[in-house]
Structure formats: C-alpha cells, structure tokens
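The values are calculated or read from the model by the stated rules, or taken from the named source; none is laboratory data. For clarity, every value in this text was computed on a predicted model and none was experimentally measured. Every residue, glycine as well, gets a Cβ built from its backbone with ideal geometry; the counts of neighbours run over all protein chains shown. For accessibility, only protein heavy atoms count, side chains too; no ligands or nucleic acids. Shrake-Rupley method; radii C 1.70, N 1.55, O 1.52, S 1.80 Å.
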Amino acid sequence: MKKLLYVFAAAALVFSACNDEEIQVDNSSVSLSVETVEAAPEGGIYDVVVTSDSDWRVSGFCEWARPLSESGKSGETLRIEVDPSDSRDIQITEFKVFSGSAVKSVKVFSNPSFMMKLLTEDEVAFSSSESSLKIKLDTNVPEIESVFTEDGSEWIEYVDRQEVFGNTILSFNVKSNGTYIGRSTELTLSGAGKSATVKVTQAQLDAIITDTPKVVYTGLNAGEVTFTVNANVDVTYELPSWLTLVSQTEGTKGADGLTPTTIKLSFGENTASRVADLNFVSGGKILLQLSVKQQNPN
C-alpha cells in the first residue's frame, strides 16, 4: 500500500511541473505613435514615441535615413533623421523597434521634389475624324489626374500611360466629330501639386446638305426652280449653259452650325427633257451633288 502511494505522489509532482511550464507567458509589448513617416523633399527630423513594457532598441540601416538613438525607455521618443531627396522617385526604408520578443516596424518614405514639364505642344488641333492624342511629359508625379473643361470628357477619353526613355507619354482617343460645329476643351494634367495644360480643338464636320437633292420642273416651257442648301463652309458651284442664276439669298446660321442659302434658277423653253448635275464644292471636294431637271410632261 505504501508503495502505491509513492507512485501517486511521484505522478503528482510530474503533473505539477508540467503545469508550471505551461503557464509561463511572454508579456513583451511595443507600440509606436506612428508607423509611417512621410518625409518632405527637403528632409528633416521626425519623431516617433515608443511605448513598451521594457527598454527598447532599434535596428536597420539606410544611407539616406537614420535613427538618432539606438535604444530607449518606454515613453521616450525615437527621432529619425531623413536627408534631402536627390532622387526623382519615392524612396522607402524600414526600421524595426524591439522590446523583448515584441517588434514593430516604422516605414520611412522620402518624397522627391515633384516636377511636370510639357514636352509636346500646348495647343493641338484635329480634323473631324477619329484621332489619337499623345502628350509627352518630363515628370516624376506617380498619379496624374486628367480634367477637361466644357464637355471635353465626352469626346476625349484616356487610354493609357507609358514610360518611354525616361519620359511619360499619356495617350487619349479623340472621337470623331459628327456635328457641324467645331469644338474645343482645355485638358489639365495634375498631381502632387504640379500641373500642365493642353488646349485641344477639333474641326467641324464640313457639310453641304439639302432636303431636295432632285429638283424637277414639269413642263417644256420657260420657268424657274428654287431650292435651299445648308452649309458650314464656303460653297462654289457651276451652272450649265441652259441654267441661269436669278438670285442667291443667305439666311441666318442655325444652332446646328449650318447656314441656309436659297438659290433660284431660271431656264428657257425647250423641246425635250434635260437634266444637269450641280456639284457643290468646298476645299476642292464635292460635298453635295444636286440634280435639276426640266421634265417633259408626256
């Protein structure tokens, strides 16, 4: 019986030892007032307050930033010195703060002096057809916003950004202009406090149109015909020998950009039907062909 009691006592001692080992807790802790430092291009000294359950220490190495103290007590300030930036890019480094087994990181960002210089023309003109707009910049701004005046965003859309041989190229698609009025907008590119502006214009869709592409006079006797053409360009046309211009009256330009012109032509008596195709020309191009016919009623 005594032997059995000794066995139980030994087992109890082993169990007690295991429990003592399991309840050991690591209470190490460390926290930072800020975990990110945004350094200005001119550099400076930035403070981070460290709170910990015991003395803390710092590790990490960087050529352009350094802690001004390697260790301290809870509540004391870790001061980080950052050199002025000589880079066109954002530089990032990290320092680690230890207290016992606890660790926290503070990231340091060194911001460069941002710049934005326009390398292409500040005024660009396009025809009425669909086109591609490319703007070249000398810039180190990471995010560039595009803002249009008027309704520019309705007919110009952003495509992509490319970095080519150290320069930034922004590509836009200029939609075709299906209206009879030219349009323009100012595109402002901005970011990091820098900006550049480009004026974009697009020509009207040149047009000469009419509601009566076929003008017919029924009868072989002398007579007159009248029709109207609408245009947003200067118009020229030639008449055959049997047609004579009686009058040409220009009206008021409409909201659609077209100006109506009423044309009256006369002709003499004839023995048979005859027809003439009138070509209305602008800039060397035929934009409208209209036919005038004297029709034999029989």
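Checking A125 against (1) within 35 Å of the chain's Cα centre (by Cα); (2) among the hydrophobic types (A, V, I, L, M, F, W, C); (3) in a loop (DSSP other than H, G, I, E, B), only one condition comes out false. Which one?
(3)
Among the residues that make up the range 232-245, is at least one of them assigned to a strand (DSSP E or B) and touching a residue at least 24 places away in the same chain (Cβ under 8 Å)?
Quick first cut of the range 232-245, residues assigned to a strand (DSSP E or B) only: 236, 244-245.
Still in the list and also touching a residue at least 24 places away in the same chain (Cβ under 8 Å): 236.
So far as the range 232-245 goes, yes, one or more of its residues are assigned to a strand (DSSP E or B) and touching a residue at least 24 places away in the same chain (Cβ under 8 Å).
Got a number for residues in the range 190-234 being hydrophobic (A, V, I, L, M, F, W, C) and either more than 51 Å from the chain's Cα centre (by Cα) or surrounded by fewer than 17 Cβ atoms within 10 Å (Cβ to Cβ) (or both)?
So the first thing to find is which residues in the range 190-234 are hydrophobic (A, V, I, L, M, F, W, C), and the list is 192, 196, 198, 200, 203, 205, 207-209, 215-216, 220, 222, 225, 227, 229, 231, 233.
From what's left, either more than 51 Å from the chain's Cα centre (by Cα) or surrounded by fewer than 17 Cβ atoms within 10 Å (Cβ to Cβ) (or both): 203, 209, 216, 220, 222, 225.
Residues that pass the stated criteria total 6.
Considering only residues that are closer than 30 Å to S59 by Cα and either modelled with pLDDT under 95 or of a type in the set (S, T, Y) (or both), look in the range 103-133 and name the one that is most open to solvent (accessible area, probe 1.4 Å). Walk me through how you get there before you give the answer.
Here is the first cut: in the range 103-133, the ones closer than 30 Å to S59 by Cα are 103-113.
Adding the requirement that they be either modelled with pLDDT under 95 or of a type in the set (S, T, Y) (or both) leaves 105, 110-113.
Working: S105: 37, S110: 1, N111: 31, P112: 1, S113: 78 Å².
In this case the residue turns out to be S113.
May I ask you to list the residues in the range 247-267 that are part of a strand (DSSP E or B), closer than 11 Å to T228 by Cβ and open to solvent by less than 80 Å² (accessible area, probe 1.4 Å)?
In the first step, residues of the range 247-267 are kept if they are part of a strand (DSSP E or B); the result is 247-250, 259-267.
Next, only the ones that are closer than 11 Å to T228 by Cβ stay: 248-250, 259-264.
Passing the criteria: T259, P260, T261, T262, I263, K264.
Can you name the residue in the range 167-207 that is part of a loop (DSSP other than H, G, I, E, B) and polar (S, T, N, Q) and, of all such residues, is nearest to K134 (Cα to Cα)? Give the derivation first.
At the first step, the residues of the range 167-207 found to be part of a loop (DSSP other than H, G, I, E, B) are 175-182, 192-193, 203-207.
Those left that are additionally polar (S, T, N, Q): 176-177, 179, 204.
Numbers: S176: 16, N177: 18, T179: 24, Q204: 21 Å.
Ranking the qualifying residues of the range 167-207, first place goes to S176.
Since A40 meets every condition but one in (1) at pLDDT below 95; (2) loosely packed, with under 12 Cβ neighbours inside 10 Å, which condition does it not meet?
Every condition holds for A40 apart from (2).
Given the conditions (1) among the charged types (D, E, K, R); (2) at pLDDT below 95; (3) under 21 Å from P142 (Cβ atoms), and given that E70 satisfies all but one, which numbered condition is not satisfied?
E70 satisfies every listed condition except (3).
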